[in-house]
Structure formats: structure tokens, C-alpha cells
Amino acid sequence: MPRIVCVAGARPNFMKVKPVMDALEERHADVVLVHTGQHYDAAMNDVFFQDLGLRPPDRHLGTGSGSHAEQTARVMTAFEPLVAELAPDAVVVVGDVTSTLACALVAAKAGVTVAHVEAGLRSRDWGMPEEVNRVVTDRLSDLLFAPSPDAIDNLRAEGYHDDQLHLAGNVMIDTLYANLDRALESDVLHRHGLTPGAYGLATLHRPANVDDAGTLGSLLQALAEVARDLPLVLPVHPRTAARLEEVGLPDGIRLLPPAGYLDFIALQASARLVLTDSGGVQEETSALGVPCLTLRDSTERPITLTEGTNILVGRDPERIVTTARQVLAGPNAKRMPDLWDGRAGQRIADALLAHLTAGGRLRPTDERGAARGTTATV
Ligand code: UD1
Ligand code: UDP
């Protein structure tokens, strides 16, 4: 029975790790859930354990907030002795947050098989902390589980071998399907006096959008202009809350606390339009068939543009408003990428366990780097 450590630390990790853990446990793996403590507020953390039925973490590293270096170092320092104590056969990391990178780095140096779920996504914006985390985590990983074919193409172009790559599908959509019926029973619309199809939902938390008061102010003005046609609600991430006090809030936008998972899915499902800079929300709106405007200059999830409902609209206020009006004037069209079918976690568990059963590492550690380096196709 292989022992597999699954790592989660921040809001978007919880819905990604759950289906992988469930599938591994169904196959009788000894799963240890390690929470790094990157997110800790009840609204950023506890509510997800309740809503998703995620069991309490087996170990909690309690690392909390800090600069990138501080947080990375704290997670690594706490995770290293735990890996030595638990001696896992594999460490599974998900997504692209600081905890993902820090734990992958510890596990790789400890000689433990690293599996990265949501591998291969690339925004090609090196200014995003998540892009650094994605590229480095993939490089440290033995097994790379990609959500979509574009991610496989990125990894092949970077020289990864086909025997490391698995087109697994999207674990976030596994969780969406598993919880959609319960989410639709939420009374969140009623609590906030919202009518289905008659409001817009916004989220903003990317540092490039919210850390600078001028940029945040201009995005909020664009949202306020959209709100003249469609009332908007904005559940506020703590990073953004801190800046909003400085910037102020224009009329027409209603702030809400960060929403729990079920409430937020319900808010997305009944929204006429979503405006966001979130990664996961681009995917969930596509799966729900709700139009999404992404207020960024790049996306690491291009499949949501070509096979979903997402439009990359950038940060120019005029373009945001014009595009929102065009979308509001047109019909919704639901399209869905292949393998976003609710079974990604199952495919990941099968591939990881088959890999471990076959003897673990694909090739000796000292050969992996050289092998990757010689097969680059670009
Ligand atoms: C992190 C991830 C980002 C992800 C986001 C999801 C990194 C580099 N970034 O960004 O990819 O999209 O989570 O929500 O890992 N804070 C609280 N309470 C909490 C957590 C954070 O008040 O429970 C505040 C703290 O002031 C903290 C700040 O938010 O300094 C930023 O938190 P941090 O985890 O560093 O980054 P996020 O912006 O949340
Ligand atoms: N989410 C939530 N409440 C909110 C905002 C987002 O439950 O107020 C969920 C959302 O449905 C998705 C995930 O959090 O499942 C996305 O996380 P986030 O936007 O924080 O991070 P990103 O995906 O950008 O890394």
C-alpha cells in the first residue's frame, strides 16, 4: 500500500486535491493530507473543508503569510522533516501557489517521486509569481498531469518525455460536477437579494491588478460602468480588501466577503456575466456555460478561450466595458473541452499507482535532467 502525501495550502488547492485524494483512497493508498497553512482565514480555508467534505488535515505546517521568500522558506523548513518522518512513496502537489513549489522542491531533493496535478499551464508572463511556480514545479516533477492538450504541447516543447506526461483532464471540474447539485440548493442569491440571470459576479486578486492603487482604481471604474447595465457583486479576496480601503469603491458594485465554495458556484451558475482575474473561475464558468471576461493580458488556460466561454479582455477600461456590453447583448453558448468529464482524479490515481507499482522513478535521478535537456523540440 503506497503512502502518498497530498499537499494543499491555499484556496484554489482544496478543490483540486479532493478528487485525487478520494480516488487514491478508493484504491487503498495510504493518503496523508498535509496543509501548509498558506491560507488560514475561515472564509479562505475552513469553509472549503466543510463544503467539500474534505477531512481535516493529517498534518498542518502552520506557515501563514509572508513575502514569497519567507513563505517558501517556512513551508520548506516545516515540510522537510515531515517528509523524512513519513517516508512517502510519492508527494502530490496541485496548482501553482507558493506551497506547491515549496513542497515539490523539498520532495525532489529528498528523492521522493513528485506528481504535479495541473502541469503544463503557461501564461508566458514571467511577472506572475504563479508562472515561476508552474515552470519550476514541473521541472521538479516526475509525473506531470495536464488538464488539457495545450498543456501537453507546452511540456513537450520544453523537452519533457512522453512517459512523464499524462493528459488527465481537469480536477477542478471533477469537484464542480461532484458538488453542483448541492451548490444549486444554496440560498446565497436569496440572502443577497439577487435574481438569477440579472446580476454580474466579479473577482479580483492578482497582484498585477490589485497591488497598485491606480490599476485597481481603473478596473473598479470599468466595473462600475458595467454595473450601470448589470448590478455587480464582488466577493473580496483579503489581498484586495487591504487595497480597497485606500482606493475606495465606486457606486454600483456591492462588496461581499469571500464566498464559500458552494455559494460561489451558485453565484457563478446564475450570473449573467462573470468578470475575473482568477485562474479557476475561467474554467468553472466554461463548464457552467456562463460568459466570462478575464481582466488580464494573458491566460495560462487558453482552452477556455477556444473551447469555453472565456474572453481575454485585458485591463483597458474601455475595452472591458465595450466587450461586456457586447456579451450582454448576445446569447450564452456552452462549450466544453474534452476530458473535463469529472473523472480526472480517477485517471491520475490510476497512473500514479501504476507508476509506483512498476518501481517508482522513471529513470535514475541523475539521468533525468540530461535526458530532458536533449529532447527539447524548440
Ligand atoms: C495566493 C496564490 C495565488 C492564488 C490565490 C488564491 C501564490 C504566490 N499566490 O495568492 O496564485 O490565486 O492565493 O486565493 O501562492 N491573507 C489573509 N488571510 C488568508 C490568506 C491571506 O488575510 O487566509 C492575506 C495576507 O495579508 C497575505 C495576503 O492575503 O499576505 C496574500 O496571501 P498569499 O497567500 O501570499 O497570496 P494570495 O494573494 O492569497
Ligand atoms: N472561489 C470561492 N469563493 C470566492 C472566490 C473563488 O469559493 O469568493 C473558488 C472558485 O469557485 C474556484 C477557486 O476558488 O473553485 C478559485 O480560486 P482563486 O480564484 O482564489 O484562485 P486562482 O484559481 O486564481 O488561483
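The values are calculated or read from the model by the stated rules, or taken from the named source; none is laboratory data. It should be emphasised that the depicted structure is a prediction, and the values quoted were computed from it without experimental measurement. Positions of Cβ are backbone-derived with ideal geometry, glycine not excepted, and every protein chain shown enters the neighbour counts. SASA here: full protein model, heavy atoms, side chains in, ligands and nucleic acids out. Shrake-Rupley method; radii C 1.70, N 1.55, O 1.52, S 1.80 Å.
Assorted remarks:
- For the pair GLU26 and ALA157, label points projected 7 Å from Cα toward Cβ lie 3.4 nm apart.
- Between LEU256 and ARG319, the contour length at 0.36 nm per residue exceeds the alpha carbon distance by 20.1 nm.
- Top of GLY252, GLY342, GLY111 by mean-square fluctuation, Gaussian network on the chain, Cα under 10 Å: GLY111
- The chain: angle of helix 98-109 to the longest principal axis, Cα-based, in degrees nearest 10: 10
- Where only DSSP H runs of four or more residues are counted, the chain gives -14500 deg cm²/dmol as its mean residue ellipticity at 222 nm, each run worth -39500 (n - 2.57).
- Translational diffusion coefficient (Stokes-Einstein; Kirkwood radius from C-alpha pairs) of region 13-91 at 20 °C, 1.002 mPa s, in µm²/s: 157
- Here the simple spin-label model places points 7 Å from the Cα toward Cβ, and for ARG191 and ALA84 these points are separated by 4.5 nm.
- Neighbour cut-off at most 15 other Cβ (10 Å), DSSP loop, trypsin sites (Lys or Arg not before Pro), region 266-344: LYS334, ARG335
- Whole-Hz couplings from phi, Karplus 6.51/-1.76/1.60, listed for region 173-179; x for Gly and Pro: 6, 3, 5, 4, 5, 5, 10
- About its Cα centre, region 246-332 has a charge dipole of approximately 240 debye under the convention of +1 per Lys or Arg Cβ and -1 per Asp or Glu Cβ, with nothing else charged.
- Solvent exposure ordering (accessible area, 1.4 Å, most first) of HIS161, HIS68: HIS68, HIS161
- Per residue, the solvent-accessible area of the chain (1.4 Å probe, heavy atoms of protein chains only, all protein chains present) comes to 39 Å².
- Residue order for LYS109, LYS16 - accessible surface, 1.4 angstrom probe, largest first: LYS109, LYS16
- Shown are SER67, SER278, whose ranking by accessible area with a 1.4 Å probe and every protein chain present, most to least, is SER67, SER278.
- For the chain, the longest principal axis of the Cα atoms and the long axis of helix 344-357 meet at an angle of about 10 degrees.
- Here the chain is treated as a Stokes sphere of Kirkwood radius computed over C-alpha pairs; at 37 °C and 0.692 mPa s its diffusion coefficient rounds to 156 µm²/s.
- Dipole magnitude of the chain, debye to nearest 20 (Cβ charges: Lys/Arg +1, Asp/Glu -1, about Cα centre): 180
- Folded to 0 to 90 degrees: helix 213-227 orientation relative to the chain principal axis, Cα: 60
- Residue-by-residue Karplus 3J(HN,Hα) for region 151-159, coefficients 6.51, -1.76, 1.60, Hz, glycine and proline x: 5, 4, 4, 4, 5, 4, 5, 8, x
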